[in-house]
Amino acid sequence: TNCREPYRPAAEVLRKLQIEGNGHAFLRGRGCAECGQTGYSGRVGIFETLSLTTSVKALVSRRATEAEIRHAATQAGTRFLLDDALDKMRDGLTTPEEILRVIGSGRPGEHESTNGLTAVRRERSVLP
């Protein structure tokens, strides 16, 4: 929105996402007439795509552990929801608080199943 302003997220929020706050200008909407005093305007999607390579398929077929499949998926170029969300945060399109609200920390075993291994394509909406 037009009312974006720099701010410092709480240390706990940064810790949960395992990101450093030093040297990064975090932005959030203050609220204005354009956004209806909400600080939000529109929606921004975050995306995760799993490439089903031969090695990933073989791991799934043999019921490999999540860690093994995640490693193979990463090697195949998969970008997870958290990666895309953090990029959008760095671009000033969303906040760390909104990332935690929508996908949790994005770390395996936290929040709901955010590992992306149960679907080829999954998307969520993140408000800026």
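Step through the residues of segment 21-35 one at a time and calculate ³J(HN,Hα) from phi using the Karplus curve (6.51 cos²θ - 1.76 cosθ + 1.60, θ = phi - 60°), rounding each to whole Hz and writing x for Gly and Pro.
After applying 6.51 cos²θ - 1.76 cosθ + 1.60, I find x, 5, x, 10, 8, 7, 10, 8, x, 7, x, 7, 5, 5, 9 Hz.
Heavy atoms only, probe 1.4 Å: what % of the accessible area of segment 1-96 goes to carbon and sulfur, would you let me know?
The nonpolar share, carbon plus sulfur, comes to 49 percent.
Just how much of Val60 is accessible, in Å², when a 1.4 Å probe is used and the result is rounded to the nearest 10?
80
Can you give the net charge of the other residues whose Cβ lies under 15 Å from the Cβ of Gly23, counting K and R as +1 and D and E as -1?
Taking every other residue near Gly23 into account, the sum is +1.
Under 5 Å between amide H atoms, partner at least 5 residues away or on a different chain: which partners does Arg79 have, H built in plane at 1.01 Å?
Amide H neighbours of Arg79, under 5 Å, 5+ apart: Thr49.
Among rounded, prolate and oblate, which fits segment 64-107 when a ≥ b ≥ c are the square roots of the eigenvalues of its C-alpha gyration tensor, a/c under 1.5 means rounded, and a/b larger than b/c means prolate?
oblate
Could you tell me which of rounded, prolate or oblate describes segment 1-89, using a ≥ b ≥ c as the square roots of the eigenvalues of the alpha-carbon gyration tensor, with rounded for a/c under 1.5 and, failing that, prolate when a/b is larger than b/c and oblate otherwise?
prolate
Answer rounded, prolate or oblate for segment 2-54, using the Cα gyration tensor with square roots of eigenvalues a ≥ b ≥ c: rounded when a/c is under 1.5, else prolate when a/b is larger than b/c, else oblate.
Taking the square roots of the gyration eigenvalues as a ≥ b ≥ c, segment 2-54 is oblate.
The values are calculated or read from the model by the stated rules, or taken from the named source; none is laboratory data. This structure is a prediction, so every number in the text was calculated from the model and none was measured. All Cβ positions, glycine included, derive from the backbone under ideal geometry; neighbour counts span all protein chains shown. For accessibility, only protein heavy atoms count, side chains too; no ligands or nucleic acids. Shrake-Rupley method; radii C 1.70, N 1.55, O 1.52, S 1.80 Å.
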